[in-house]
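Just below is one structure, and these are the notes that go with it.
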Amino acid sequence: MKSFTKLVIFSAFLILLFGIVFAQGNPWDPLKDIAGMATALQALTKYIVFLLSAAMFVIAFKAYTKTKTNKMLFVALAFLFFALKWLLKVVDLYLSPGNFLSDPSENVMELIILAMLFLAIFRK
């Protein structure tokens, strides 16, 4: 009986939640405030992501120098490409805002990162 009561309460919560979301017009309207805040913090976010990815590369490279395994090398390379991508995005803030790193070149960088992670996971 307790599981049925929990199911009824959860169902009522979902109905109430969806009613609130859809009563606002469009279901994505609440996300507009978050998108506006993300746009305002865009430069700071790019710096933080670059610094964190560079730090992760250094940590992964130190781990590679200790273990000398190919898996750790591929992880380090993935973080290196990730840091390079975000370095280009930071440079893009100053050289030509929005035009220096195009979407196709960013997609190639992400494909390289995914390939490195794929190799790190599946290569023996």
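Looking across region 52-76 at every residue that is crowded, with 18+ Cβ neighbours inside 10 Å and within 22 Å of the chain's Cα centre (by Cα), the one that is farthest from Leu119 (Cα to Cα) is identified as Ser53.
The set of residues from region 77-93 being surrounded by 15 or more Cβ atoms within 10 Å (Cβ to Cβ) and free of Cβ contacts under 8 Å to residues at least 40 places away in the same chain comprises Leu77, Phe79, Leu80, Phe81, Phe82, Ala83, Leu84, Lys85, Leu87, Leu88, Asp92. Report yes if some residue within region 27-45 is modelled with pLDDT of 90 or more and either part of a helix (DSSP H, G or I) or aliphatic (A, V, I, L, M) (or both); otherwise report no. The answer is yes; a qualifying residue exists.
Would you confirm whether any residue within region 86-100 is outside the structural domain of Phe118 (by TED's automatic domain parsing), modelled with pLDDT under 80 and over 18 Å from the mean Cα position of the chain (by Cα)? Checking region 86-100: not a single residue is outside the structural domain of Phe118 (by TED's automatic domain parsing), modelled with pLDDT under 80 and over 18 Å from the mean Cα position of the chain (by Cα). Of Leu111, Leu87, all but one fail to be assigned to a helix (DSSP H, G or I), out of contact with any Gly (no Cβ under 7 Å at 6 or more places or on another chain) and over 22 Å from Gln42 (Cβ atoms); the exception is Leu111.
In region 102-124, the residues that are in the same structural domain as Thr69 (by TED's automatic domain parsing) reach residues that are of a type in the set (Gly, Ala, Ser) with C-beta atoms within less than 6 angstrom, at least six apart or across chains, in these pairs: Ile113/Ala78; Met116/Ala78; Leu117/Ala78.
The values are calculated or read from the model by the stated rules, or taken from the named source; none is laboratory data. For clarity, every value in this text was computed on a predicted model and none was experimentally measured. Note: ideal-geometry Cβ built from the backbone for every residue, glycine included; neighbour counts use all protein chains shown.
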